[in-house]
Amino acid sequence: MGNGSLIHTAKKVVGKAILAADESTETIRKRLATIGVDSTPEINRQYRQLLFTATGIEKYISGVILYDETIRQTSDDGIPFPKLLSGKGIVPGIKVDKGAVKIPGKNSDTFTQGLDGLGKRLTEYKELGACFAKWRAVYTIADDGPSLIAIERNAHDLALYALICQDVGIVPIIEPEVLMDGDHSFEKNKQLTIKILTAVFVQARKYSVDLSGVILKPNMITAGKNNSRQKNIGTVAETTLQVLNKVVPAEVAGVAFLSGGQSPPLATDHLNMINKIRNRLKKSYPGKITASYGRALQGETLEAWAGKKENVTKAQRVFISRAEKVYKAGLGQL
Ligand code: 13P
C-alpha cells in the first residue's frame, strides 16, 4: 500500500500539464540570450511572473517546477511564487539536482550531482511550499555510450533521490533523459530507452521506492536530431507508447514527457497522438500521460515577450494558447 498523501499529490501534479520553469542560472541565461535579453535575477523574476500570472493558467497547468532562485522570489505584489501558484490550485515543485558532470574516461557519459545534503534541502524547499521535486539524469547516445556504468550509476542515484524525497513527504519526478543530440537511429533510441528505464525501475524497487508516489519524466522515442530519417508522428507516438507499456510499472502515478528540443507544435502533436492511441487500446499503462515541457511550453512566449514590458499581455496570451493545446493533447483531444 502506498502513502496516501504522496499518491494524492502525484495525481494532482499530473492532472493537467506541468510547466518546467526550472531552468538553472546557466540555462535561463542561454534561453534569454536567444531573444537578446541579459539574464539577471530581476529579469528572470519578471519573466517567470509573466508565466505564472497569465490569466487562466490554472485551467491547463497543474504543476510548475521552480528553480532555487525562483522559489524564493515574489510577484510585484510581494506574494511568494509558490504561494501565488498554490493559490490558483497549481502545485509548486522544485528542481533539486545540481546538474550533470562527466564521468572521467567515459567520453559523453555523465552522472548527476546533488545527493549530498539532499534531505536537508528538501526540508527547506518543503517549508517554502514545494510539494514535488525533479531530478534529471542525462544520457548521450554515441558509438560507445551510454556505458553500463553510466546507466547503472544514474539508476541508483535516481532511486536514492526518490527514496529521500518520499521520506521527507515530497513527490519525486524521476527524469532519465536520453538526449536527442546526435545522428543516432530511431531504433537505437528505442533500445537504449528501454534499457535505461528498465534499469531505473529495477533500482527503484530494490530501494523500496513507493512507485505509486512517483512521476516518470521520460523522452519520447525519436531519431537523433541530426538524423535525416525522422519518423512520422504516428510512428513516434506508437513506439513511445509501446516502450511505456513494456517498462513502466502500472503503479507509477503518472508519466510526463519532456520536450527535449522538439518544436512546440511537434511536441504537442506527439503527446496528442500518444493519448489518442492509448485511448483506443484495451490494455495500456493506466496512469495519466501528460507533458512536463520547458522549451515546448515557453519557446513561443519568449519570442512574443522579447524582454519588453509592452509585450507582456500578448506573450501571456501566446503562453495560454500553447498551454491549452498541450493540456488537450494530454487527453488526446486535439
Ligand atoms: P524541455 O521540455 O525543454 O526538454 O525541458 C524539460 C525539462 O525539465 C528538462 O529537465
Checklist outcome for this item: Residue hits (segment 204-233; in contact with a helix residue (DSSP H, G or I) (Cβ under 6 Å, 6 or more places away or on another chain), more than 30 Å from Ser5 (Cβ to Cβ) and either within 16 Å of the ligand (Cβ to nearest atom) or outside any loop (DSSP other than H, G, I, E, B) (or both)) are Met220, Ile221, Thr222, Ile233
Checklist entry - Just checking, how many residues over segment 287-331 are more than 12 Å from the ligand (Cβ to nearest atom), touching a helix residue (DSSP H, G or I) at 6+ places or on another chain (Cβ under 8 Å) and either modelled with pLDDT under 95 or among the β-branched types (Val, Ile, Thr) (or both)? => result 6
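Rundown of residues vs (1) over 15 Å from the mean Cα position of the chain (by Cα); (2) in a strand (DSSP E or B), yes/no style:
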position: Lys83; (1), (2): yes, no
position: Gly89; (1), (2): yes, no
position: Ile94; (1), (2): no, yes
position: Asp97; (1), (2): no, no
position: Ser108; (1), (2): yes, no
position: Asp116; (1), (2): yes, no
position: Lys120; (1), (2): yes, no
position: Tyr125; (1), (2): yes, no
position: Lys134; (1), (2): no, yes
Next on the checklist: Can you confirm whether Lys276 is in contact with a Gly (Cβ under 7 Å, 6 or more places away or on another chain) and open to solvent by 10 Å² or more (accessible area, probe 1.4 Å)?
Outcome noted: yes
Checklist entry - Which of the residues belonging to segment 160-170 are surrounded by fewer than 24 Cβ atoms within 10 Å (Cβ to Cβ) and part of a helix (DSSP H, G or I)? => result Leu160, Leu163, Ile164, Gln166, Asp167, Val168
Item to check | Any chance Leu50 is outside any loop (DSSP other than H, G, I, E, B) and modelled with pLDDT of 95 or more | outcome: yes
Checklist entry - For Gly294, are the conditions met, namely being surrounded by fewer than 22 Cβ atoms within 10 Å (Cβ to Cβ) and within 21 Å of Lys95 (Cα to Cα)? => result yes
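A quick yes/no check of all residues on (1) within 16 Å of the ligand (Cβ to nearest atom); (2) in contact (Cβ under 8 Å) with a residue 24 or more places away in the chain; (3) open to solvent by 10 Å² or more (accessible area, probe 1.4 Å):
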position	(1), (2), (3)
Pro104	no, no, yes
Asp116	no, no, yes
Arg121	no, yes, yes
Glu124	no, no, yes
Asp144	no, yes, yes
Arg153	no, yes, yes
Pro172	yes, yes, no
Leu179	yes, yes, yes
Checklist entry - Do we have Ser259 as under 24 Å from Leu6 (Cβ atoms) and within 14 Å of the ligand (Cβ to nearest atom) here? => result no
Checklist entry - What is the number of the single condition among (1) open to solvent by 60 Å² or more (accessible area, probe 1.4 Å); (2) touching a strand residue (DSSP E or B) at 6+ places or on another chain (Cβ under 7 Å); (3) modelled with pLDDT under 95 that Ser108 does not meet? => result (1)
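The values are calculated or read from the model by the stated rules, or taken from the named source; none is laboratory data. Bear in mind the structure is a predicted one, so any value in this text is a computation, not a measurement. All Cβ positions, even for glycine, are placed from backbone atoms using ideal geometry, and neighbour counts span all protein chains on display. Only protein heavy atoms, including side chains, enter the accessible area calculation; ligands, DNA and RNA are left aside. Shrake-Rupley method; radii C 1.70, N 1.55, O 1.52, S 1.80 Å.
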